[in-house]
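**Student:** First, the structure itself, so that you have it in front of you.
The values are calculated or read from the model by the stated rules, or taken from the named source; none is laboratory data. Here the structure is a predicted model, which means the values were calculated and not measured. Neighbour counts are summed over all protein chains in view; Cβ atoms, including those assigned to glycine, are modelled from backbone coordinates with ideal geometry.
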Amino acid sequence: MNRSMKIIIAAALIGGAASWYFKAEEQSGSYLTQKLEKGDITEKITASGTINPISTINIGTQVSGTISEIYVDYNSKVKKDQLLAQIDPALFEATVGQRRAALNVSKAEVQVAENEVDYAKKNLARIKKLNASRYSADKELDLAEKEYNNSVAQLALKKAQVEQAQAALDSAETELRYTKIISPVEGIVVSKEVEVGQTVAASFQTPTLFNVAEDLTKMQIEASVVEADIAKVHNGQTVEFSVDSFPDEVFYGKVTQVRNEAINTSNVVTYEVIIEVDNKDLKLKPGMTANVEIITAEKKDILLAPNKALRFYITDENGETKRYKDKGIWVLEKGVPQRIVIKTGVSDDDYTEVSGEELEEGMKVIIDEAAGPGNSRTMRMRMPR
């Protein structure tokens, strides 16, 4: 193909493209106009958020000690009641031994006290018999009764000490069991905050050793929505989102919760919206940032006006713009701009749903003033979806 033929073909292509490019916007005298057309529109709210498992369990320790063994790592699949780590049990085992011995001593002391009660009871009976026959003085009877009562009280004390020793043993055995760090759920280890040889200290706030996610095939986005948009967000709305790891892929979810707590950051008020997401292929990882679009409204086959037309105002010869309380758009009637009152509905970045008695499909609405001499203007148009 020679050079002149290439130039002719290129010119034809450019001419065809320009014909389509400018047919949507037309210049009518001093104004640029665009036809009202019917189409579909989707209203979306944009937000950002963080992807996390729906349920994450923080597993900590209730006793202080040194980690002697760790049996899992990041991404390990664990079963319920599976052993994750072991705190050195030596001191706890010794304490259990001491408490068990103390319990045995207390039980032996109860046996001795019971024998003393039995002896005091028999002695009291004997003194009473002698006293009745006048072979024993009242003083001896009083002493025997006192010894019996003391022995009964001593037995009660020893039994209480047995209960106390049993409770101490139970506590020591519980602490020994706590040296085994057990997973309370089935899931996947998403973080490990401890190493072998590390000393962990139990306090009022239990230290976290592992984070276990119950199910990574179901995730949630914790998105921040500004107060101006939050009234449009409701449970059940469809959500489209993307993540930086897969920029060309669109993921979907649904709004499951709109939280009422206001979050004020640098005088910007936002509300947290929870979005549930399927993650069967495990592409989404905890902590990823999601770029979210919440679909708040959808309309089909409705009359659409370009947003440029809604923003357009007529200026007088002094350059002043008259403002109106109601909403309206400007149309050309015999070359003269006329204002029509309208009602607006669903809107996106480029178009807005409009209605009004005087509106008709195909009507030319003013979107801007035409470029004057010496000025250049680029006219761009996105057809209604």
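**Student:** Exactly one condition in (1) over 25 Å from the mean Cα position of the chain (by Cα); (2) outside any loop (DSSP other than H, G, I, E, B) is false for Gln62; which is it?
**Tutor:** If we test Gln62 against (1) over 25 Å from the mean Cα position of the chain (by Cα); (2) outside any loop (DSSP other than H, G, I, E, B), just (2) comes out false.
**Student:** Among the residues of region 356-368, is any at pLDDT 85 or above, closer than 25 Å to Gln237 by Cα and acidic (Asp, Glu)?
**Tutor:** Scanning region 356-368 turns up no residue that is at pLDDT 85 or above, closer than 25 Å to Gln237 by Cα and acidic (Asp, Glu).
**Student:** Can I ask one more? Mind checking which pairs have a first residue in region 328-351 that is among the basic types (Lys, Arg) and a second that is surrounded by 16 or more Cβ atoms within 10 Å (Cβ to Cβ) and modelled with pLDDT of 90 or more, Cβ under 6 Å, 6 or more apart or different chains?
**Tutor:** Taking only residues 6 or more apart or on different chains, the pairs are Arg339/Gly328; Arg339/Trp330.
**Student:** Would you tally the residues in region 307-352 being in a strand (DSSP E or B) and of a type outside the set (Ser, Thr, Tyr)?
**Tutor:** 15
**Student:** Between residues in region 258-270 that are assigned by TED's automatic domain parsing to the domain that holds Val226 and residues that are among the polar types (S, T, N, Q) and assigned to a strand (DSSP E or B), which pairs lie under 6 Å by C-beta distance while being six or more apart or on different chains?
**Tutor:** Listed pairs, sorted by first residue: Ile263/Thr270; Thr270/Ser224.
**Student:** Still on this structure: Taking the residues in region 201-223 that are at pLDDT 95 or above and β-branched (Val, Ile, Thr) as candidates, determine which candidate is surrounded by the fewest Cβ atoms within 10 Å (Cβ to Cβ).
**Tutor:** Val212
**Student:** Among the numbered criteria (1) buried (at least 19 other Cβ atoms within 10 Å of the Cβ); (2) touching an Asp or Glu at 6+ places or on another chain (Cβ under 9 Å), which single criterion is violated by Leu130?
**Tutor:** In the conditions (1) buried (at least 19 other Cβ atoms within 10 Å of the Cβ); (2) touching an Asp or Glu at 6+ places or on another chain (Cβ under 9 Å), Leu130 misses (1) alone.
**Student:** To continue, here is another question. Out of curiosity, is Asp281 loosely packed, with under 13 Cβ neighbours inside 10 Å and over 15 Å from the mean Cα position of the chain (by Cα)?
**Tutor:** Here the answer is yes, as Asp281 does meet what is asked.
**Student:** Also, quick follow-up: List the strands (runs of 3 or more DSSP E) that sit entirely inside region 187-256 and contain at least 2 residues that are without any contact (Cβ under 8 Å) to a residue 60 or more places away in the chain.
**Tutor:** Ranges flagged: 238-243.
**Student:** With respect to Leu130, is the statement that it is part of a helix (DSSP H, G or I), in contact with a Leu (Cβ under 6 Å, 6 or more places away or on another chain) and in the same structural domain as Ala156 (by TED's automatic domain parsing) true?
**Tutor:** Judged against the criteria, Leu130 is not a match.
**Student:** Of all residues in region 320-367, how many are among the acidic types (Asp, Glu) and surrounded by 18 or more Cβ atoms within 10 Å (Cβ to Cβ)?
**Tutor:** Adding up the residues that qualify gives 1.
**Student:** Checking the conditions here, which among Val190, Val162, Val226 is surrounded by 16 or more Cβ atoms within 10 Å (Cβ to Cβ) and modelled with pLDDT of 95 or more?
**Tutor:** So the residue among Val190, Val162, Val226 that is surrounded by 16 or more Cβ atoms within 10 Å (Cβ to Cβ) and modelled with pLDDT of 95 or more is Val162.
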